[in-house]
1. State whether the residues of region 16-23 include one that is touching a helix residue (DSSP H, G or I) at 6+ places or on another chain (Cβ under 7 Å) and touching a residue at least 60 places away in the same chain (Cβ under 8 Å).
2. Do you know which residues across region 317-332 are at pLDDT 90 or above and either closer than 17 Å to residue 300 by Cβ or touching a Gly at 6+ places or on another chain (Cβ under 8 Å) (or both)?
3. In region 279-301, which residues are among the small types (Gly, Ala, Ser) and either in contact with a strand residue (DSSP E or B) (Cβ under 8 Å, 6 or more places away or on another chain) or modelled with pLDDT of 90 or more (or both)?
4. Could you list, in sequence order, all residues of region 376-392 that are out of contact with any Ser or Thr (no Cβ under 9 Å at 6 or more places or on another chain) and more than 30 Å from residue 182 (Cβ to Cβ)?
5. Kindly indicate whether any position in region 351-358 is surrounded by 14 or more Cβ atoms within 10 Å (Cβ to Cβ), touching a His at 6+ places or on another chain (Cβ under 9 Å), in a strand (DSSP E or B) and not assigned by TED's automatic domain parsing to the domain that holds residue 222.
6. Restricting to region 421-440, and then to whatever is surrounded by fewer than 17 Cβ atoms within 10 Å (Cβ to Cβ) and in a loop (DSSP other than H, G, I, E, B), can you tell me which residue is nearest to the chain's Cα centre (by Cα)?
7. Here is a list: 56, 36. Which entry is outside any helix (DSSP H, G or I), out of contact with any His (no Cβ under 7 Å at 6 or more places or on another chain) and of a type outside the set (Gly, Ala, Ser)?
8. Taking the options 210, 119, 146, 221, name whichever one is of a type in the set (Asp, Glu) and surrounded by 14 or more Cβ atoms within 10 Å (Cβ to Cβ).
Amino acid sequence: MNKKNPVISLFASVKLALFTLCLLAVTSIIGTVIPQKESFDFYVHNYSESTARIFQVLSIPDMYNSWWFLSLLGLLSVNLIVCSFDRFPGVWKQIKKDNLAIDPKRIGKMRLSEQWSSDKTESELATALSSKLSENGWTAEQRKRDDSLLLFAQKGAMTRTGVYIVHASILIIFLGAIVGELTGFKGSVMLPETQATSSIYEFGTSKSIDLGFEVRCNRFDIEFYDTGMPKAYRSNLTVLENNKIIMEKDIVVNDPLTYKGITFYQSSYQGYQDFILNITDKKTGAQEMISLPFQQRGNLTKHKDAVIGVINAETMGQSVSRLKVWFKDAQGPASVFWIPSGEEVTVQRADTEFVIAGKQMYATGLQVAKDPGVWIVYIGCGMMILGLFVAFFMSHRRFWILLKPEENGTSSILVAGSANKNKLGFEKTFASLTDALKNN
(Lines give C-alpha, C1' and ligand atoms only; values in the text may rest on other atoms or scores of the structure.)
Protein backbone atom coordinates (compact mmCIF):
# COMPACT_ATOMS: atom_id res chain seq x y z
CA MET A 1 0.00 0.00 0.00
CA ASN A 2 1.35 3.38 -1.03
CA LYS A 3 1.94 5.79 1.82
CA LYS A 4 0.17 9.13 1.36
CA ASN A 5 2.35 12.19 0.89
CA PRO A 6 2.61 13.91 4.32
CA VAL A 7 2.33 17.39 2.77
CA ILE A 8 -0.92 16.43 1.04
CA SER A 9 -2.15 14.82 4.26
CA LEU A 10 -1.45 18.06 6.14
CA PHE A 11 -3.23 20.34 3.69
CA ALA A 12 -6.13 17.91 3.29
CA SER A 13 -6.74 17.52 7.01
CA VAL A 14 -9.92 18.62 8.74
CA LYS A 15 -7.84 19.73 11.74
CA LEU A 16 -6.07 22.33 9.60
CA ALA A 17 -9.44 23.60 8.32
CA LEU A 18 -10.82 23.95 11.86
CA PHE A 19 -7.64 25.66 13.07
CA THR A 20 -7.72 28.15 10.18
CA LEU A 21 -11.43 28.87 10.66
CA CYS A 22 -10.89 29.51 14.39
CA LEU A 23 -8.07 31.96 13.64
CA LEU A 24 -10.21 33.75 11.07
CA ALA A 25 -13.10 33.98 13.54
CA VAL A 26 -10.90 35.40 16.32
CA THR A 27 -9.19 37.94 14.06
CA SER A 28 -12.52 38.97 12.55
CA ILE A 29 -13.79 39.76 16.05
CA ILE A 30 -10.69 41.93 16.61
CA GLY A 31 -11.33 43.72 13.31
CA THR A 32 -14.93 44.35 14.33
CA VAL A 33 -14.11 45.66 17.82
CA ILE A 34 -11.19 47.89 16.74
CA PRO A 35 -12.27 50.63 14.28
CA GLN A 36 -10.69 50.21 10.86
CA LYS A 37 -8.87 52.71 8.61
CA GLU A 38 -8.64 55.49 11.18
CA SER A 39 -5.69 57.88 11.54
CA PHE A 40 -2.69 57.13 13.75
CA ASP A 41 -3.76 59.93 16.11
CA PHE A 42 -7.13 58.25 16.57
CA TYR A 43 -5.52 55.06 17.92
CA VAL A 44 -3.11 57.05 20.10
CA HIS A 45 -6.02 58.99 21.60
CA ASN A 46 -8.25 55.93 22.18
CA TYR A 47 -5.58 53.41 23.24
CA SER A 48 -2.00 54.60 23.74
CA GLU A 49 0.97 55.51 21.61
CA SER A 50 2.71 52.18 22.19
CA THR A 51 -0.47 50.25 21.41
CA ALA A 52 -1.04 52.36 18.30
CA ARG A 53 2.47 51.51 17.08
CA ILE A 54 1.83 47.80 17.65
CA PHE A 55 -1.39 48.19 15.67
CA GLN A 56 0.58 49.76 12.82
CA VAL A 57 3.15 46.95 12.81
CA LEU A 58 0.42 44.27 12.74
CA SER A 59 -1.70 46.22 10.21
CA ILE A 60 -4.64 46.16 12.64
CA PRO A 61 -6.08 49.48 11.29
CA ASP A 62 -6.49 47.81 7.88
CA MET A 63 -6.67 44.24 9.09
CA TYR A 64 -8.78 42.74 6.32
CA ASN A 65 -6.18 43.82 3.74
CA SER A 66 -3.18 42.80 5.86
CA TRP A 67 -0.74 40.21 4.54
CA TRP A 68 -1.36 37.83 7.44
CA PHE A 69 -5.17 37.92 7.16
CA LEU A 70 -4.97 37.35 3.41
CA SER A 71 -2.52 34.52 4.12
CA LEU A 72 -5.07 32.86 6.39
CA LEU A 73 -7.66 33.09 3.62
CA GLY A 74 -5.11 31.66 1.19
CA LEU A 75 -4.35 28.80 3.58
CA LEU A 76 -8.05 28.01 3.91
CA SER A 77 -8.40 28.07 0.10
CA VAL A 78 -5.46 25.67 -0.35
CA ASN A 79 -6.90 23.41 2.35
CA LEU A 80 -10.29 23.28 0.60
CA ILE A 81 -8.76 22.62 -2.82
CA VAL A 82 -6.38 19.87 -1.66
CA CYS A 83 -9.06 18.27 0.54
CA SER A 84 -11.54 18.21 -2.33
CA PHE A 85 -9.07 16.75 -4.84
CA ASP A 86 -7.93 14.18 -2.29
CA ARG A 87 -11.38 12.92 -1.27
CA PHE A 88 -13.64 13.57 -4.25
CA PRO A 89 -12.38 10.64 -6.42
CA GLY A 90 -13.51 8.20 -3.73
CA VAL A 91 -16.91 9.89 -3.48
CA TRP A 92 -17.31 9.86 -7.27
CA LYS A 93 -16.45 6.16 -7.23
CA GLN A 94 -19.35 5.62 -4.80
CA ILE A 95 -21.69 7.62 -7.03
CA LYS A 96 -20.79 5.68 -10.19
CA LYS A 97 -20.48 2.32 -8.46
CA ASP A 98 -22.08 -0.71 -10.12
CA ASN A 99 -24.45 -1.66 -7.31
CA LEU A 100 -25.74 -4.70 -9.23
CA ALA A 101 -22.26 -6.24 -8.95
CA ILE A 102 -22.65 -6.62 -5.18
CA ASP A 103 -22.08 -10.04 -3.65
CA PRO A 104 -25.60 -11.47 -2.97
CA LYS A 105 -24.35 -12.76 0.40
CA ARG A 106 -23.80 -9.17 1.57
CA ILE A 107 -27.44 -8.25 0.94
CA GLY A 108 -28.71 -10.60 3.64
CA LYS A 109 -26.15 -9.27 6.13
CA MET A 110 -27.30 -5.63 5.86
CA ARG A 111 -28.82 -4.11 8.97
CA LEU A 112 -32.06 -3.25 7.16
CA SER A 113 -33.26 -6.40 5.43
CA GLU A 114 -36.41 -8.50 5.23
CA GLN A 115 -37.31 -11.75 3.50
CA TRP A 116 -40.53 -13.50 2.46
CA SER A 117 -41.79 -15.98 -0.15
CA SER A 118 -44.20 -15.74 -3.08
CA ASP A 119 -45.98 -18.22 -5.38
CA LYS A 120 -45.24 -16.05 -8.44
CA THR A 121 -42.51 -16.81 -10.91
CA GLU A 122 -39.28 -14.83 -11.04
CA SER A 123 -40.30 -12.87 -14.15
CA GLU A 124 -43.75 -12.08 -12.72
CA LEU A 125 -42.21 -10.88 -9.49
CA ALA A 126 -39.60 -8.76 -11.30
CA THR A 127 -42.30 -7.04 -13.33
CA ALA A 128 -44.63 -6.52 -10.38
CA LEU A 129 -41.92 -5.31 -7.99
CA SER A 130 -40.38 -2.95 -10.58
CA SER A 131 -43.84 -1.47 -11.19
CA LYS A 132 -44.45 -1.02 -7.45
CA LEU A 133 -41.05 0.66 -7.02
CA SER A 134 -41.87 2.99 -9.91
CA GLU A 135 -45.18 3.93 -8.28
CA ASN A 136 -43.22 4.99 -5.18
CA GLY A 137 -40.73 7.06 -7.14
CA TRP A 138 -37.92 4.50 -7.48
CA THR A 139 -36.52 3.48 -10.86
CA ALA A 140 -35.22 -0.09 -10.80
CA GLU A 141 -32.61 -1.81 -12.91
CA GLN A 142 -31.99 -5.55 -12.89
CA ARG A 143 -29.35 -8.15 -13.67
CA LYS A 144 -29.25 -11.94 -13.68
CA ARG A 145 -26.92 -13.29 -11.00
CA ASP A 146 -26.28 -17.05 -11.33
CA ASP A 147 -29.56 -18.67 -10.31
CA SER A 148 -31.10 -15.47 -8.97
CA LEU A 149 -32.28 -12.07 -10.24
CA LEU A 150 -31.08 -8.86 -8.58
CA LEU A 151 -33.03 -5.59 -8.73
CA PHE A 152 -31.55 -2.29 -7.59
CA ALA A 153 -32.94 1.22 -7.17
CA GLN A 154 -31.41 4.35 -5.65
CA LYS A 155 -32.13 8.00 -4.91
CA GLY A 156 -29.84 10.90 -4.18
CA ALA A 157 -26.53 9.54 -5.38
CA MET A 158 -25.34 13.07 -6.21
CA THR A 159 -26.12 14.27 -2.67
CA ARG A 160 -22.71 12.89 -1.74
CA THR A 161 -21.28 15.97 -3.49
CA GLY A 162 -22.98 18.43 -1.07
CA VAL A 163 -19.86 19.12 0.98
CA TYR A 164 -17.84 19.75 -2.19
CA ILE A 165 -20.45 22.22 -3.41
CA VAL A 166 -19.87 24.08 -0.13
CA HIS A 167 -16.10 23.96 -0.71
CA ALA A 168 -16.53 25.35 -4.22
CA SER A 169 -18.91 28.06 -2.98
CA ILE A 170 -16.34 29.37 -0.48
CA LEU A 171 -13.70 29.56 -3.22
CA ILE A 172 -16.16 31.36 -5.54
CA ILE A 173 -16.97 33.88 -2.79
CA PHE A 174 -13.23 34.50 -2.36
CA LEU A 175 -12.93 34.93 -6.13
CA GLY A 176 -15.75 37.48 -6.14
CA ALA A 177 -14.05 39.40 -3.34
CA ILE A 178 -10.76 39.44 -5.27
CA VAL A 179 -12.49 40.65 -8.45
CA GLY A 180 -14.23 43.40 -6.47
CA GLU A 181 -10.99 44.44 -4.78
CA LEU A 182 -8.99 44.57 -8.02
CA THR A 183 -11.54 46.15 -10.33
CA GLY A 184 -13.92 47.99 -8.00
CA PHE A 185 -13.68 50.86 -5.55
CA LYS A 186 -15.31 52.37 -2.49
CA GLY A 187 -15.37 56.09 -1.83
CA SER A 188 -17.43 59.04 -0.69
CA VAL A 189 -18.38 62.57 -1.60
CA MET A 190 -20.06 65.46 0.20
CA LEU A 191 -22.25 67.05 -2.47
CA PRO A 192 -23.97 70.40 -1.77
CA GLU A 193 -27.48 71.01 -3.05
CA THR A 194 -27.70 72.39 -6.62
CA GLN A 195 -24.12 71.25 -7.35
CA ALA A 196 -22.77 68.37 -9.43
CA THR A 197 -19.60 66.30 -9.42
CA SER A 198 -17.94 63.81 -11.74
CA SER A 199 -15.45 62.44 -9.20
CA ILE A 200 -15.29 61.06 -5.67
CA TYR A 201 -12.56 60.32 -3.13
CA GLU A 202 -11.45 56.80 -2.34
CA PHE A 203 -11.87 55.66 1.28
CA GLY A 204 -8.74 56.00 3.38
CA THR A 205 -6.86 58.06 0.78
CA SER A 206 -7.05 61.42 -0.97
CA LYS A 207 -7.14 59.71 -4.36
CA SER A 208 -9.74 61.13 -6.72
CA ILE A 209 -11.75 58.64 -8.80
CA ASP A 210 -13.41 59.77 -12.03
CA LEU A 211 -16.95 58.43 -12.41
CA GLY A 212 -17.24 58.96 -16.16
CA PHE A 213 -20.47 60.92 -15.69
CA GLU A 214 -21.90 63.62 -13.44
CA VAL A 215 -24.23 63.29 -10.48
CA ARG A 216 -26.10 66.34 -9.20
CA CYS A 217 -27.90 66.88 -5.90
CA ASN A 218 -31.07 68.77 -6.80
CA ARG A 219 -32.48 68.88 -3.30
CA PHE A 220 -31.87 67.52 0.17
CA ASP A 221 -34.76 67.14 2.63
CA ILE A 222 -34.53 66.20 6.27
CA GLU A 223 -37.13 65.52 8.97
CA PHE A 224 -36.50 65.99 12.67
CA TYR A 225 -38.04 64.69 15.88
CA ASP A 226 -39.50 67.20 18.31
CA THR A 227 -36.23 66.98 20.20
CA GLY A 228 -34.39 68.31 17.18
CA MET A 229 -32.65 65.00 16.37
CA PRO A 230 -32.72 63.87 12.73
CA LYS A 231 -35.52 61.43 11.90
CA ALA A 232 -35.16 60.76 8.17
CA TYR A 233 -33.47 62.34 5.20
CA ARG A 234 -33.46 61.93 1.44
CA SER A 235 -31.62 63.30 -1.57
CA ASN A 236 -32.97 63.95 -5.03
CA LEU A 237 -30.16 63.02 -7.44
CA THR A 238 -29.81 63.44 -11.20
CA VAL A 239 -27.33 61.58 -13.39
CA LEU A 240 -26.03 63.57 -16.37
CA GLU A 241 -23.90 62.67 -19.35
CA ASN A 242 -22.82 65.36 -21.82
CA ASN A 243 -25.20 67.73 -20.00
CA LYS A 244 -28.13 65.42 -20.77
CA ILE A 245 -30.30 64.05 -17.98
CA ILE A 246 -30.03 60.25 -17.92
CA MET A 247 -31.99 59.45 -14.79
CA GLU A 248 -33.35 61.02 -11.61
CA LYS A 249 -34.14 59.37 -8.30
CA ASP A 250 -34.87 60.11 -4.65
CA ILE A 251 -32.56 58.04 -2.45
CA VAL A 252 -32.85 57.20 1.23
CA VAL A 253 -30.65 55.12 3.51
CA ASN A 254 -31.77 51.71 2.22
CA ASP A 255 -32.77 52.69 -1.31
CA PRO A 256 -29.67 53.72 -3.32
CA LEU A 257 -29.20 54.86 -6.91
CA THR A 258 -27.23 52.62 -9.26
CA TYR A 259 -25.88 53.60 -12.68
CA LYS A 260 -23.27 51.78 -14.79
CA GLY A 261 -22.50 49.45 -11.90
CA ILE A 262 -21.78 52.35 -9.52
CA THR A 263 -24.09 52.64 -6.51
CA PHE A 264 -24.73 55.82 -4.51
CA TYR A 265 -25.85 55.26 -0.92
CA GLN A 266 -27.34 57.93 1.34
CA SER A 267 -25.04 57.96 4.37
CA SER A 268 -24.84 61.40 6.00
CA TYR A 269 -25.44 65.11 5.62
CA GLN A 270 -23.93 68.48 6.50
CA GLY A 271 -25.75 71.74 7.16
CA TYR A 272 -24.36 75.05 5.87
CA GLN A 273 -24.85 78.67 6.92
CA ASP A 274 -26.16 79.27 3.42
CA PHE A 275 -29.75 79.35 2.23
CA ILE A 276 -31.61 78.40 -0.94
CA LEU A 277 -34.43 80.72 -2.01
CA ASN A 278 -36.92 80.12 -4.82
CA ILE A 279 -38.72 83.19 -6.17
CA THR A 280 -41.71 83.03 -8.54
CA ASP A 281 -43.35 86.10 -10.14
CA LYS A 282 -47.07 85.24 -10.21
CA LYS A 283 -47.72 87.85 -12.89
CA THR A 284 -45.13 86.70 -15.44
CA GLY A 285 -44.51 83.17 -14.19
CA ALA A 286 -40.77 83.79 -14.13
CA GLN A 287 -38.95 81.52 -11.67
CA GLU A 288 -35.50 81.85 -10.18
CA MET A 289 -33.47 80.00 -7.58
CA ILE A 290 -30.62 81.63 -5.69
CA SER A 291 -28.25 80.41 -3.00
CA LEU A 292 -26.54 82.91 -0.77
CA PRO A 293 -24.73 83.10 2.59
CA PHE A 294 -26.42 84.19 5.79
CA GLN A 295 -26.94 87.98 6.09
CA GLN A 296 -25.69 88.68 2.57
CA ARG A 297 -27.74 90.16 -0.25
CA GLY A 298 -28.13 88.62 -3.66
CA ASN A 299 -29.32 90.22 -6.91
CA LEU A 300 -31.92 88.37 -8.95
CA THR A 301 -31.31 88.04 -12.69
CA LYS A 302 -34.89 87.45 -13.86
CA HIS A 303 -36.41 90.23 -11.75
CA LYS A 304 -34.94 93.62 -12.56
CA ASP A 305 -33.68 95.64 -9.60
CA ALA A 306 -34.78 92.88 -7.16
CA VAL A 307 -32.55 92.10 -4.19
CA ILE A 308 -33.05 89.42 -1.54
CA GLY A 309 -31.29 88.18 1.59
CA VAL A 310 -31.72 86.20 4.82
CA ILE A 311 -31.25 88.52 7.76
CA ASN A 312 -32.14 86.24 10.65
CA ALA A 313 -32.88 82.60 11.43
CA GLU A 314 -34.35 80.50 14.22
CA THR A 315 -32.85 77.09 14.94
CA MET A 316 -34.14 73.91 16.54
CA GLY A 317 -31.41 71.47 17.45
CA GLN A 318 -29.19 71.11 14.41
CA SER A 319 -31.55 72.68 11.88
CA VAL A 320 -33.01 76.04 10.91
CA SER A 321 -36.75 76.05 11.57
CA ARG A 322 -37.54 79.58 10.29
CA LEU A 323 -35.69 82.17 8.26
CA LYS A 324 -36.33 85.91 8.13
CA VAL A 325 -36.14 87.25 4.56
CA TRP A 326 -35.54 90.80 3.33
CA PHE A 327 -36.85 91.41 -0.21
CA LYS A 328 -36.86 94.62 -2.27
CA ASP A 329 -37.54 95.55 -5.88
CA ALA A 330 -38.11 98.84 -7.68
CA GLN A 331 -41.74 98.97 -6.50
CA GLY A 332 -41.44 100.57 -3.08
CA PRO A 333 -39.87 99.85 0.30
CA ALA A 334 -38.47 96.44 1.26
CA SER A 335 -40.65 93.62 2.55
CA VAL A 336 -39.49 91.71 5.62
CA PHE A 337 -41.14 88.40 6.55
CA TRP A 338 -40.57 84.97 8.10
CA ILE A 339 -40.63 81.72 6.11
CA PRO A 340 -40.93 78.30 7.83
CA SER A 341 -38.08 76.20 6.48
CA GLY A 342 -39.10 74.31 3.36
CA GLU A 343 -42.36 76.23 2.96
CA GLU A 344 -43.39 79.30 0.94
CA VAL A 345 -45.10 82.64 1.49
CA THR A 346 -46.78 85.13 -0.85
CA VAL A 347 -45.40 88.66 -0.85
CA GLN A 348 -47.48 91.50 -2.23
CA ARG A 349 -45.59 94.18 -4.16
CA ALA A 350 -46.99 97.21 -5.99
CA ASP A 351 -48.24 95.58 -9.19
CA THR A 352 -47.60 91.86 -8.65
CA GLU A 353 -47.19 89.07 -6.11
CA PHE A 354 -44.11 86.97 -5.48
CA VAL A 355 -44.17 83.44 -4.08
CA ILE A 356 -40.95 82.92 -2.11
CA ALA A 357 -39.81 79.62 -0.61
CA GLY A 358 -36.66 79.15 1.45
CA LYS A 359 -34.64 76.53 3.27
CA GLN A 360 -31.25 75.96 4.79
CA MET A 361 -28.67 74.59 2.35
CA TYR A 362 -27.34 71.10 3.00
CA ALA A 363 -24.76 68.83 1.47
CA THR A 364 -25.67 65.19 1.08
CA GLY A 365 -23.06 62.67 2.16
CA LEU A 366 -22.89 59.81 -0.34
CA GLN A 367 -21.03 56.55 -0.09
CA VAL A 368 -20.13 55.37 -3.58
CA ALA A 369 -19.22 51.81 -4.46
CA LYS A 370 -18.45 49.80 -7.55
CA ASP A 371 -18.10 46.06 -7.04
CA PRO A 372 -18.05 43.97 -10.24
CA GLY A 373 -17.47 40.87 -8.12
CA VAL A 374 -20.71 41.17 -6.18
CA TRP A 375 -22.63 38.86 -8.53
CA ILE A 376 -19.87 36.26 -8.23
CA VAL A 377 -20.27 36.49 -4.45
CA TYR A 378 -24.06 36.12 -4.79
CA ILE A 379 -23.57 33.01 -6.93
CA GLY A 380 -21.19 31.62 -4.31
CA CYS A 381 -23.70 32.31 -1.52
CA GLY A 382 -26.43 30.58 -3.50
CA MET A 383 -24.17 27.57 -4.04
CA MET A 384 -23.36 27.49 -0.32
CA ILE A 385 -27.05 27.41 0.63
CA LEU A 386 -27.62 24.62 -1.90
CA GLY A 387 -24.57 22.68 -0.71
CA LEU A 388 -25.50 22.96 2.96
CA PHE A 389 -29.07 21.87 2.25
CA VAL A 390 -27.83 18.86 0.28
CA ALA A 391 -25.17 17.97 2.85
CA PHE A 392 -27.44 18.16 5.91
CA PHE A 393 -30.94 17.32 4.70
CA MET A 394 -30.48 14.84 1.83
CA SER A 395 -28.92 11.39 1.66
CA HIS A 396 -27.91 8.65 -0.76
CA ARG A 397 -30.51 5.89 -0.37
CA ARG A 398 -30.10 2.43 -1.96
CA PHE A 399 -32.53 -0.47 -2.26
CA TRP A 400 -31.78 -4.06 -3.35
CA ILE A 401 -34.24 -6.89 -4.10
CA LEU A 402 -32.88 -10.42 -4.60
CA LEU A 403 -35.27 -12.93 -6.23
CA LYS A 404 -34.29 -16.56 -5.89
CA PRO A 405 -36.28 -19.70 -6.85
CA GLU A 406 -36.91 -22.26 -4.10
CA GLU A 407 -37.05 -26.06 -4.44
CA ASN A 408 -40.77 -26.16 -3.64
CA GLY A 409 -41.59 -23.97 -6.64
CA THR A 410 -41.94 -20.72 -4.72
CA SER A 411 -39.71 -17.71 -4.99
CA SER A 412 -37.71 -16.16 -2.17
CA ILE A 413 -37.71 -12.36 -1.96
CA LEU A 414 -34.88 -10.71 -0.01
CA VAL A 415 -35.08 -6.92 0.39
CA ALA A 416 -32.28 -4.78 1.85
CA GLY A 417 -31.45 -1.10 1.95
CA SER A 418 -28.94 1.44 3.21
CA ALA A 419 -28.43 5.20 3.47
CA ASN A 420 -25.25 7.18 4.11
CA LYS A 421 -27.10 9.76 6.31
CA ASN A 422 -30.35 10.15 8.23
CA LYS A 423 -30.48 6.42 8.87
CA LEU A 424 -33.43 6.76 11.25
CA GLY A 425 -35.50 8.49 8.58
CA PHE A 426 -34.52 5.86 6.03
CA GLU A 427 -35.74 3.09 8.35
CA LYS A 428 -39.26 4.52 8.06
CA THR A 429 -38.92 4.74 4.27
CA PHE A 430 -37.63 1.16 4.13
CA ALA A 431 -40.48 -0.18 6.26
CA SER A 432 -43.10 1.66 4.21
CA LEU A 433 -41.66 0.52 0.89
CA THR A 434 -41.25 -3.07 2.09
CA ASP A 435 -44.90 -3.18 3.20
CA ALA A 436 -45.95 -1.91 -0.23
CA LEU A 437 -43.89 -4.62 -1.93
CA LYS A 438 -45.32 -7.36 0.31
CA ASN A 439 -48.88 -6.36 -0.56
CA ASN A 440 -48.12 -6.44 -4.25
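The values are calculated or read from the model by the stated rules, or taken from the named source; none is laboratory data. Please read all numbers here as calculations on a predicted model, not as lab measurements. Quick reminder, even Gly has a Cβ in these numbers, built from the backbone with ideal geometry, and neighbours come from all protein chains shown.
1. yes
2. Once the filter is applied, which keeps residues that are at pLDDT 90 or above and either closer than 17 Å to residue 300 by Cβ or touching a Gly at 6+ places or on another chain (Cβ under 8 Å) (or both), region 317-332 yields 323, 325, 326, 327, 328.
3. Within region 279-301, 286, 291, 298 qualify.
4. 389, 392
5. no
6. 422
7. Exactly one residue qualifies, and that residue is 36.
8. Of 210, 119, 146, 221, the one residue that is of a type in the set (Asp, Glu) and surrounded by 14 or more Cβ atoms within 10 Å (Cβ to Cβ) is 221.
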